[in-house]
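Got a structure for you, questions after.
The values are calculated or read from the model by the stated rules, or taken from the named source; none is laboratory data. Since we're looking at a predicted model, the values are computed, not measured. Please note: Cβ atoms are built from the backbone with ideal geometry, for glycine as well, and neighbour counts cover all protein chains shown. These accessible areas exclude ligands, DNA and RNA; they are computed on the full protein's heavy atoms, side chains included. Shrake-Rupley method; radii C 1.70, N 1.55, O 1.52, S 1.80 Å.
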Protein chains: 2
Amino acid sequence: MQRTYNFNAGPSALPLEVLEKAQKEFINYNETGMSVMELSHRSNEFEGILLNAQQNLRELLDIPENYEILFLQGGASLQFSMIPMNFLAADQTAGYVLTGSWSEKALKEAKKMGKTAVIATTDENKYRSIPKQNEIILPKDTLSYLHITSNNTIFGTQWHQYPELDGIDLIADMSSDILSKKIDVSKFSMIYAGAQKNLGPSGVTLVILKKELLDRIPDQLPTMLDYRTHVKSNSLYNTPPTFGIYMLSLVLEWVKTQGGLEGIEQKNHEKAALIYNQMDAYPDFYRPHAEKESRSLMNITFTLPSEELTQEFLSQAKEAGFVGLNGHRSIGGCRASAYNAVPLEACQALAHFMETFRKRFL
Amino acid sequence: MQRTYNFNAGPSALPLEVLEKAQKEFINYNETGMSVMELSHRSNEFEGILLNAQQNLRELLDIPENYEILFLQGGASLQFSMIPMNFLAADQTAGYVLTGSWSEKALKEAKKMGKTAVIATTDENKYRSIPKQNEIILPKDTLSYLHITSNNTIFGTQWHQYPELDGIDLIADMSSDILSKKIDVSKFSMIYAGAQKNLGPSGVTLVILKKELLDRIPDQLPTMLDYRTHVKSNSLYNTPPTFGIYMLSLVLEWVKTQGGLEGIEQKNHEKAALIYNQMDAYPDFYRPHAEKESRSLMNITFTLPSEELTQEFLSQAKEAGFVGLNGHRSIGGCRASAYNAVPLEACQALAHFMETFRKRFL
Ligand SMILES: Cc1ncc(COP(=O)(O)O)c(C=O)c1O
Ligand SMILES: Cc1ncc(COP(=O)(O)O)c(C=O)c1O
Ligand SMILES: [Mg+2]
Ligand SMILES: [Mg+2]
Ligand SMILES: [Mg+2]
Ligand SMILES: [Mg+2]
């Protein structure tokens, strides 16, 4: 069978080895005579899967002991609301850095809950870049937290150096670049991510949360929206998305076989370079949206000289078997999402296609 | 391979045919060269799956046109909070009928949001029964809605006749008996259910909602917690649990092959009778928790004459290959959950085991 060249922005490609393993044990997990989906979430087998996933995340991301690892539902979008509900006190202001549509959405939800401030934004240059450290000017009065989007899935930009804050809790939406490279978790008070790019299938939301933050949560929140609920029950307060967590656990095992985050990061550089090189060689033909120093390794965005040519490129790419190259419906253009599980060969094939296509015009 | 006799209370057994089909196309769905998990939620393929699931639900449950069908995340537990957030206005009172632990939890969340009233409860008889129609006395002032739990997973009771209300919106948590029999959807303003019993794997929450109710939703709710968000985007506001919805769609196809809800209901009666007959023949040995007229076809609860004997029964049943017969950790005892996908043979085997076990003592 021919695997498709899958450049979907999420849900996106999964490692073939992971899919094969899951397929093999789909009906009979570990000689239980049951599918993982049929296991009780309170069974030893499922608890083993959950603990294994947490343990591997802790290892891979080097997550310190004073951080909780939670698997929730609702996607990153529900986190946009849970964060201010839990951490934005009435007398405080939550700070947001705007680097794209997802940061805007996060801000919009926070505004419903309390006072907010836009600490920096690159919207005036169409979100082509990430603010520089000296553009992040923190107000004198306390911020309850500063929120950033580490990778901007739609615009194709990525933070390569996180803001240095002094005593202010940094919260990052890492939906589209978690596990793509090494990070220093201790610089963040919270990291969250929908699973459907680098972690597994959709339906699981990863939250990595510094324990100290739990003390700030007000009483009387809806039980399911209070992080303490999920900490106390180790993500088993109610029925979790068991199969999604299982798939995530397999993806983590796979990441370990790839040389961990160092191996993954190196491969991601190699993959993205193949495509960026095409753009850099003919920047008037493949016009990058992101400024060079803010480029994302995950989502590579560009347009062609005319809307007609962009459409022609997309339709021929589709014919040639490439999936998911359309830019987000809100901005159009082209976007290649080269997440961890997208193989080098897919990027080679795309680079080759770009070259061939370009030669017909230039 | 020997399939386990799976009596789990949820997540629970899935039809073998469904698992086999999903396994077969796990890596290459419909010749796309991708797993269902790798499809964009905005692709034609996934949209087809979603629409098919909605269409089959509408057909099977005969859902009128003026009802929306939503697939959400967060489980029934998040609905406990979303319902009062959306439908309990400041000047109103929400009514709850208490028939077990899940109704209590639903009430607890509503109390955080506004005024509530317990309209009837059977807690004084340890939730062995469902209130009778004449025990449901509605207050003169308007209730914003009346909430019931149609099947009490933990105590093993089930509503066999729903309350007749006059102009008050009836909302039912049908997590553990949805699709187990025919119902008249038009008597309800809202029905919801976690998928992990009769519908599919955990991680999907089904909501069936009368359109009229949407007008009552206040502004400024968190976007993800406002039902209108999901209605407007047909459950695609953010990334849904795509694989769970796909599995659910396969389960619905399977239900159709079983003679629809009529066929399913008949088989459920047959299956439950096998086990209840054992209890009725020796009610001092297999002591039913539920009163006869309130018995659940889904969750069959009983204890043995002593705690020692109960434990002996459970441990020998486990040895014999029966899974999930322990009662809920909150009340102990035994519970056999015979959801739609539990085959007749599993119930026959359990009845046989109960008989053999009993004969050693009686
Ligand atoms: C950076 C980022 N944040 C948030 C979201 C929304 O995630 P979800 O669909 O899980 O709510 C996305 C989705 O693509 C994203 O890329
Ligand atoms: C009747 C009923 N309501 C609610 C729930 C909670 O569902 P969830 O785990 O999906 O939140 C359950 C779980 O077993 C249930 O049986
Ligand atoms: Mg963006
Ligand atoms: Mg813990
Ligand atoms: Mg109950
Ligand atoms: Mg609709």
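For the range B:174-268, what does the accessible surface come to per residue with a 1.4 Å probe? Please give it in Å².
In whole numbers, the range B:174-268 has 30 Å² accessible per residue.
If you don't mind, another one. Rounded to a whole number of µm²/s, how large is the Stokes-Einstein D of the range A:16-257 at 20 °C and 1.002 mPa s, given Rh as the Kirkwood radius over C-alpha pairs?
115
How high is the relative contact order of the range A:150-297, given as a whole-number percent (alpha carbon pairs under 8 Å, six or more residues apart)?
With pairs under 8 Å counted, the relative contact order is 26 percent.
Another question, then. Apply the membrane-span-like helix rule to chain B: whole DSSP H runs, Cα extent along the own long axis of at least 30 Å, mean Kyte-Doolittle hydropathy at least -1.0. List the helices found.
B:260-281
Let me ask something else about it. Need the full-extension length gain, B:D284 to B:K126, defined as separation in residues times 0.36 nm minus the C-alpha distance. One decimal, nm.
55.0 nm
Antiparallel DSSP bridges in the protein assembly as shown: what percent, to the nearest 5?
50
Under 19 Å between alpha carbons, and skipping anything fewer than 8 positions from B:K359 in its own chain: which lysines qualify?
B:K318
Beyond 12 Å, how much of the Cα-Cα pair distribution for the range A:249-303 remains, as a whole percent?
Result: 68 percent of Cα pairs exceed 12 Å.
Report the FRET efficiency, 1/(1 + (r/R0)^6), for B:K187 and B:K256, where r is their Cβ-Cβ distance and R0 is 35 Å, rounded to 0.05.
0.90
Under 13 Å Cα-Cα from A:K24, which aspartates and glutamates qualify once same-chain neighbours fewer than 8 residues away are excluded?
B:E20, B:E25
Using a Förster distance of 35 angstrom, determine the FRET efficiency expected from the C-beta separation of B:K211 and A:A320, and round it to 0.05.
0.20
Using a cut-off of 28 Å between alpha-carbon atoms, which lysines can reach A:K181, once sequence neighbours fewer than 8 places away in the same chain are excluded?
Answer for A:K181, where 28 Å is the Cα cut-off: A:K21, A:K105, A:K126, A:K132, A:K197, A:K210, A:K211, A:K256, A:K267, A:K271, A:K292, listed by chain and number.
Springs between alpha-carbon pairs under 10 angstrom, Gaussian network model over chain A: which of A:G33, A:G100, A:G194 fluctuates most?
In the Gaussian network model the winner is A:G33.
Expressed as a whole percentage, what fraction of the accessible surface of the protein assembly as shown belongs to carbon and sulfur atoms when a 1.4 Å probe is rolled over the protein heavy atoms?
Ligands and nucleic acids excluded, carbon and sulfur give 48 percent.
Using +1 on the beta carbon of Lys and Arg, -1 on that of Asp and Glu, and nothing else charged, what's the dipole of the range A:37-180 about the Cα centre, debye to 20?
600
Still on this structure, I have one more. For an R0 of 35 angstrom, estimate the FRET efficiency from the Cβ-Cβ distance between B:A349 and B:E291 and round to the nearest 0.05.
Using R0 = 35 Å, I get an efficiency of 0.85.
Could you work out the equivalent-ellipsoid semi-axes for the protein assembly as shown, taking the square root of 5 times each eigenvalue of the Cα gyration tensor, largest first, in whole Å?
Ellipsoid semi-axes (Å, largest first): 46, 29, 24.
Turning to a different aspect of this structure: I want the antiparallel fraction of DSSP beta bridges within chain A, as a percent rounded to 5.
Taking every DSSP beta bridge within chain A, about 50 percent pair in antiparallel fashion.
Return the whole-Å distance between the Cα centroid of the range A:100-173 and the Cα centroid of the range B:288-359.
Centre-to-centre (Cα) distance: 55 Å.
Could you tally the net charge around B:S306, taking each other residue with its Cβ under 13 Å from the Cβ of B:S306, Lys/Arg +1 and Asp/Glu -1?
Spelling it out: positives minus negatives among the neighbours equals -3.
From zero outward in steps of 5 Å, how is the percent of C-alpha pairs of the range A:9-123 spread across the bins?
Pair shares across the bins are 2, 9, 12, 13, 15, 15, 11, 9, 7, 4, 2, 0.
Above 23 Å lies some portion of the pair distances; for the range A:84-214, what is it as a whole percent of all C-alpha pairs?
When every Cα pair of the range A:84-214 is considered, 28 percent fall beyond 23 Å.
Show me the trypsin sites (Lys or Arg not before Pro) within the range A:328-359 that DSSP assigns to loop and that have at most 11 other Cβ atoms within 10 Å of their Cβ.
A:R329
Here's a follow-up. What's the buried accessible area, both sides, between B and A using a 1.4 Å probe, rounded to 100 Å²?
Interface between B and A: roughly 4800 Å².
Which whole-number percentage describes the relative contact order of chain A, with Cα contacts under 8 Å and a sequence gap of 6 or more?
Relative contact order comes out at 23 percent.
Once Rh is set to the Kirkwood radius over Cα pairs, what Stokes-Einstein translational diffusion coefficient, in µm²/s, holds for the range B:260-359 at a temperature of 37 °C and a viscosity of 0.692 mPa s?
After rounding, the answer is 241 µm²/s.
Any idea how far apart A:A273 and B:R329 come out in nm if each label point goes 7 Å out from Cα toward Cβ?
Calculated label separation equals 5.1 nm.
Which sequence of A:D169, A:D91 reflects their accessible areas, 1.4 Å probe, from the largest down?
A:D91, A:D169
Treating only the Cβ atoms of Lys and Arg (+1) and Asp and Glu (-1) as charged, compute the dipole magnitude of the protein assembly as shown about its Cα centre; round to the nearest 20 debye.
100
Further, regarding this structure: Using a cut-off of under 17 Å, list every residue of the range A:255-290 whose amide N is near the label point 7 Å from the Cα of A:T356 along the Cα-to-beta-carbon line.
A:275, A:278
Going by accessible area, probe 1.4 Å, with all protein chains left in place, what is the ranking of A:H269, B:H289, largest first?
A:H269, B:H289
Using a simple charge model, +1 on the beta-carbon of Lys and Arg, -1 on the beta-carbon of Asp and Glu, nothing else, what dipole does chain B show about its Cα centre, in debye to the nearest 20?
The calculation lands at about 600 debye.
Summing -39500 (n - 2.57) over the DSSP H runs of n ≥ 4 in the protein assembly as shown and dividing by its residue number, what mean residue ellipticity at 222 nm do you reach, to the nearest 500 deg cm²/dmol?
Computed ellipticity for the protein assembly as shown at 222 nm equals -11000 deg cm²/dmol.
Using a cut-off of 13 Å between beta-carbons, work out the net charge of the residues near A:A89 (Lys and Arg +1, Asp and Glu -1, A:A89 not included).
Neighbourhood net charge equals -3.
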